[in-house]
Every structure is written in C-alpha cells, then in structure tokens.
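Have a look at the structure below before the remarks.
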Amino acid sequence: MIDKTKRKIAVDIVLLLPPEVVKKCIFINSQLDNSDYVSFVDGYNPHITLGMGCIDIKDLETLKNKIQSALVSIHQLKLTILDFKREEFFSFRVARNKEIMELHLSVMKVLEDISTYGNATPEMFNESEKVKNNSHLLDWVNNFSIKYSKDEYDPHISIGKGERASVDFPIPIEFIAQKIGIFHLGAHGTCKEKLAEFTLN
C-alpha cells in the first residue's frame with residue numbers, strides 16, 4: 001500500500017502481457033540467481049514500460065483519469081518479440097511498430113503534463129529500502145523523458161540478471177497486448193503494487 005504521508009511517488013505506466021508470454025518470462029526468470037533482482041513468482045509483473053515519472057500523491061487520481069481518457073482511441077496491440085538478449089539484464093526485445101509508438105507517445109504526453117523529472121529519490125519507490133543503492137534506477141527515472149522516450153524509446157521485457165538462461169521455445173513470438181497498468185515503481189524498475197488497470201478496445 002502507498003504510504004499516504006509521502007508527497008511524491010515514482011510511477012511506471014506499462015503494457016501488461018498475456019498469460020502465454022508471462023509463462024515464458026517466469027520460466028526464464030526461474031533459472032536465474034534472483035538475489036540481485038526479483039522472482040516473478042513473488043507477485044512481480046513482467047511488463048513493457050510505456051512511461052515513467054514522479055507525481056504528487058494528490059495527483060494520482062488525475063493521472064488515472066488522464067490515462068483512461070488517452071486510451072479511448074487506442075486499440076489492443078499486436079506485438080512481436082524479436083529476440084532474447086543479455087546486456088545488464090536478460091530481456092526480450094519487442095518490435096517498435098506504429099501502434100506501440102502511438103501508445104507510448106500518448107502516455108508520455110500525459111506524464112510530461114503531470115509528472116516531474118530530475119528529482120527522484122529512493123523514498124518515492126515501492127520497497128524503497130532496496131532502491132537506496134541503485135543509482136542506475138534513479139538515473140533512469142530522472143532522465144526517462146529525455147533519454148529513453150520518443151525517438152529513443154526501446155520497448156522490451158526485462159526478465160532478470162544472472163550468468164546464463166536458456167530458451168526452449170521458438171522466437172520470434174507474436175502476441176496481443178490489451179491491458180495497461182499504472183504501478184508504484186519498485187526495486188530494479190519492477191512492477192508489483194498496481195494502482196490502476198485499463199483494458200484496450
């Protein structure tokens with residue numbers, strides 16, 4: 001639950017994944033050493049981030065309403081997982097098509113009107129104790145609008161950290177995404193505490 005005494009919280013607006021894709025994410029995540037990440041069996045939601053920012057607690061209902069309004073003309077998305085990659089994290093790379101870019105830009109327009117950037121602190125996060133030493137996550141949120149959105153937007157599904165993981169299913173993978181979630185952003189940029197959910201037409 002959100003601590004109502006906090007003035008600001010970090011939020012992640014995301015595309016939630018259909019069960020068949022979630023199952024694949026859980027399979028790979030379960031092979032990894034999750035001591036420096038999270039386990040998806042503990043209530044964390046694999047997802048595709050659409051936008052991040054920091055908002056005043058008092059503006060949460062306004063954010064929900066504005067996102068709901070922005071989604072009126074957005075239909076469910078047909079997406080493709082292109083490949084499985086390992087950089088700092090294991091992740092699925094998702095094709096950046098016209099539909100996901102339209103959705104991303106709609107979300108960012110709402111966020112840039114209501115949120116702030118450059119002032120994220122660990123206290124604004126869900127599981128804030130786990131964020132204290134994660135300067136990379138703070139930098140990511142602080143600079144999301146400038147460095148990671150619009151032309152720089154890179155849709156992907158983070159799965160975990162570790163030395164190795166195997167994939168025993170064919171890629172590419174096509175799937176339909178039809179649910180949007182607003183989450184109180186958690187450790188490692190993960191999504192556990194859901195604040196709202198919407199279904200695309």
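The values are calculated or read from the model by the stated rules, or taken from the named source; none is laboratory data. Quick caveat, the model's predicted, so the values are computed rather than measured. Every residue, glycine as well, gets a Cβ built from its backbone with ideal geometry; the counts of neighbours run over all protein chains shown.
Looking only at residues that are within 13 Å of the chain's Cα centre (by Cα) and hydroxyl-bearing (Ser, Thr, Tyr) in segment 150-169, which one is nearest to His188 (Cα to Cα)?
Ser158
Check whether at least one residue in segment 63-78 is at pLDDT 95 or above, assigned to a strand (DSSP E or B) and under 23 Å from Phe175 (Cα atoms), and report yes or no.
yes
Kindly provide the set of residues from segment 94-130 that are closer than 18 Å to Lys147 by Cα, touching a Pro at 6+ places or on another chain (Cβ under 9 Å) and among the charged types (D, E, K, R), ordered by number.
Arg96
Taking into account only those residues within segment 96-120 that are loosely packed, with under 15 Cβ neighbours inside 10 Å and not charged (D, E, K, R), which is farthest from Phe183 (Cα to Cα)?
Among residues in segment 96-120 that are loosely packed, with under 15 Cβ neighbours inside 10 Å and not charged (D, E, K, R), the one farthest from Phe183 (Cα to Cα) is Asn97.
For Ala187, only one of the following conditions fails: (1) modelled with pLDDT under 95; (2) among the hydrophobic types (A, V, I, L, M, F, W, C); (3) over 23 Å from Lys64 (Cα atoms). What is its number?
Ala187 satisfies all of (1) modelled with pLDDT under 95; (2) among the hydrophobic types (A, V, I, L, M, F, W, C); (3) over 23 Å from Lys64 (Cα atoms) except (3).
Filter segment 41-71 down to the residues that are without any contact (Cβ under 8 Å) to a residue 60 or more places away in the chain and aliphatic (A, V, I, L, M) and list them by number.
If the condition is that a residue be without any contact (Cβ under 8 Å) to a residue 60 or more places away in the chain and aliphatic (A, V, I, L, M), then Val41, Ile57, Ala70 are the ones that fit.
With the checklist (1) within 27 Å of Pro19 (Cα to Cα); (2) among the β-branched types (Val, Ile, Thr); (3) within 17 Å of the chain's Cα centre (by Cα); (4) not in a strand (DSSP E or B) in hand, flag the one item Val110 doesn't pass.
Only one criterion is unmet by Val110, namely (1).
I want to confirm something. Restricting to segment 177-191 and keeping residues that are in a strand (DSSP E or B) and touching a helix residue (DSSP H, G or I) at 6+ places or on another chain (Cβ under 8 Å), which single residue is nearest to Arg96 (Cα to Cα)?
Among those residues, the one meeting the criterion is Ile180.
Among the residues of segment 27-57, what is the count of those that are surrounded by fewer than 16 Cβ atoms within 10 Å (Cβ to Cβ), over 17 Å from Glu127 (Cα atoms) and within 16 Å of the chain's Cα centre (by Cα)?
0
Just a yes or no: is a residue in segment 84-92 touching a Phe, Trp or Tyr at 6+ places or on another chain (Cβ under 8 Å), in a loop (DSSP other than H, G, I, E, B), more than 23 Å from Glu61 (Cβ to Cβ) and modelled with pLDDT of 95 or more?
no
Can you work out which of the residues in segment 153-176 that are outside any loop (DSSP other than H, G, I, E, B) and of a type outside the set (Phe, Trp, Tyr) is farthest from Val21 (Cα to Cα)?
Gly160
Could we say that Ile13 is farther than 25 Å from Asn119 by Cβ, out of contact with any Ser or Thr (no Cβ under 7 Å at 6 or more places or on another chain) and not in a loop (DSSP other than H, G, I, E, B) here?
Spelling it out, it is not the case that Ile13 is farther than 25 Å from Asn119 by Cβ, out of contact with any Ser or Thr (no Cβ under 7 Å at 6 or more places or on another chain) and not in a loop (DSSP other than H, G, I, E, B).
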